[in-house]
Amino acid sequence: MEDAAFRVRGLRKVYGTKVAVDSLDLAAPRGSFFGMVGPNGAGKTTTLRMVTGLLRPDAGSAEVEGVDVWLDPLEAKRRIGVLPEDVALFDRLTGRQLLTYSGLLRGMPATTVAQRSEELLDVLGLTEAEGILVVDYSHGMRKKVALAAALLHAPRVLFLDEPFEAIDPVSARTLRAVLEQHRANGGTVIFSSHVMELVERLCDTVAVVHAGRLVALGPLEQVRGNGSLEDAFVSLVGADEVTGREGLRWLGSSSG
């Protein structure tokens, strides 16, 4: 894939005796809505952290639009926006102050930061909360202001780790609309998720990762085949079915 938004080759990360990412080769086309799915501990978060320069790999390389993340980190990070799973924010700032700080830290003109902050706060439904300290934000509000900070510099490639986890349906719909707009304007969205229905609804390309290795990659229709993505996922990772197994016969019975 010559026109890749991001690419990893031989990516590897080991923690003690645990191989988190095992010589992974993976690429996502530019302009795609790319979903990375896998069971807990599959290596999704570790992979995204290495691709975005937050974690140094033990081996292999990572590129964003042809720029090596570790050989030219500043140029690579100009091209990306990141929303990690565990959102760490300067939460003693207000929402507007957080966006202002993020923009100025990137060297953006103050007028541009102010204009884009205004638009993002409005679109994400945070205008009324712009003067409230982020520490007092709800989980969904923190996700939205973190997404605003990731979008402020108009990145080409957006990396999101479980962006819809534990947020309400209204906030989820707002986030989806913003991401679809980003993609419609020529950007690329890369995100990990456990919610198969969400991946099916949003993504055109899917990668399935298991035990740090790639087990499937391609257009959504190809990966899921004639069934649902959930069915394909369970088959690919070898998950056991609970229904019909021995044990747990006491569930639902009287405690007496």
Where in the range 108-189 are the helices (runs of 4 or more DSSP H), entirely inside, with at least 3 residues that are in contact with a Ser or Thr (Cβ under 7 Å, 6 or more places away or on another chain)?
110-123, 139-151
Check Ala129 against each of (1) modelled with pLDDT of 90 or more; (2) open to solvent by 50 Å² or more (accessible area, probe 1.4 Å); (3) farther than 16 Å from Phe33 by Cβ and name the one condition it does not meet.
(2)
So which residues in the range 190-233 are assigned to a helix (DSSP H, G or I) and among the aliphatic types (A, V, I, L, M), if there are any at all?
Met196, Leu198, Val199, Leu202, Leu220, Val223, Leu229, Ala232
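Can you name every residue in the range 74-98 that is free of Cβ contacts under 8 Å to residues at least 40 places away in the same chain and open to solvent by 50 Å² or more (accessible area, probe 1.4 Å)?
Leu74, Glu75, Lys77, Asp86, Ala88, Arg96, Gln97
Of the residues Gly66, Gly43, Gly53, which is of a type in the set (Gly, Ala, Ser) and either over 17 Å from Ala5 (Cα atoms) or modelled with pLDDT of 95 or more (or both)?
The unique qualifying residue is Gly43.
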Only residues that are of a type outside the set (D, E, K, R), in contact (Cβ under 8 Å) with a residue 60 or more places away in the chain and assigned to a loop (DSSP other than H, G, I, E, B): list them for the range 43-65, please.
Gly43, Thr52
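Kindly indicate which of Arg92, Arg106, Arg176 is more than 28 Å from Gly35 (Cβ to Cβ) and either under 14 Å from the mean Cα position of the chain (by Cα) or among the basic types (Lys, Arg) (or both).
Values: Arg106 fails: more than 28 Å from Gly35 (Cβ to Cβ); Arg176 fails: more than 28 Å from Gly35 (Cβ to Cβ).
Within the list Arg92, Arg106, Arg176, the selection yields Arg92.
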Might you check whether a residue that is within 30 Å of Ser228 (Cα to Cα), of a type in the set (Gly, Ala, Ser) and surrounded by 17 or more Cβ atoms within 10 Å (Cβ to Cβ) occurs anywhere in the range 41-54?
yes
Test for Arg213: is it closer than 27 Å to Tyr15 by Cβ, of a type in the set (D, E, K, R) and more than 14 Å from the chain's Cα centre (by Cα):
yes
Can you name the number of the only condition in (1) touching a strand residue (DSSP E or B) at 6+ places or on another chain (Cβ under 6 Å); (2) assigned to a loop (DSSP other than H, G, I, E, B); (3) open to solvent by 10 Å² or more (accessible area, probe 1.4 Å) that Leu236 fails?
(2)
Determine which member of the set Tyr137, Tyr101 is aromatic (Phe, Trp, Tyr), farther than 27 Å from Ala42 by Cα and without any contact (Cβ under 8 Å) to a residue 12 or more places away in the chain.
Tyr101
Select, from Val145, Val113, the only residue that is surrounded by 19 or more Cβ atoms within 10 Å (Cβ to Cβ) and more than 30 Å from Gly35 (Cβ to Cβ).
Val113
Looking only at the range 156-202, count how many residues are in contact (Cβ under 8 Å) with a residue 40 or more places away in the chain, open to solvent by 10 Å² or more (accessible area, probe 1.4 Å) and within 13 Å of Ile80 (Cα to Cα).
1
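The values are calculated or read from the model by the stated rules, or taken from the named source; none is laboratory data. This one's a predicted model, so the numbers in the text were calculated from it and none came from an experiment. Note: ideal-geometry Cβ built from the backbone for every residue, glycine included; neighbour counts use all protein chains shown. To get the accessible areas, we keep the full protein, side chains included, count just its heavy atoms, and leave off ligands, DNA and RNA. Shrake-Rupley method; radii C 1.70, N 1.55, O 1.52, S 1.80 Å.
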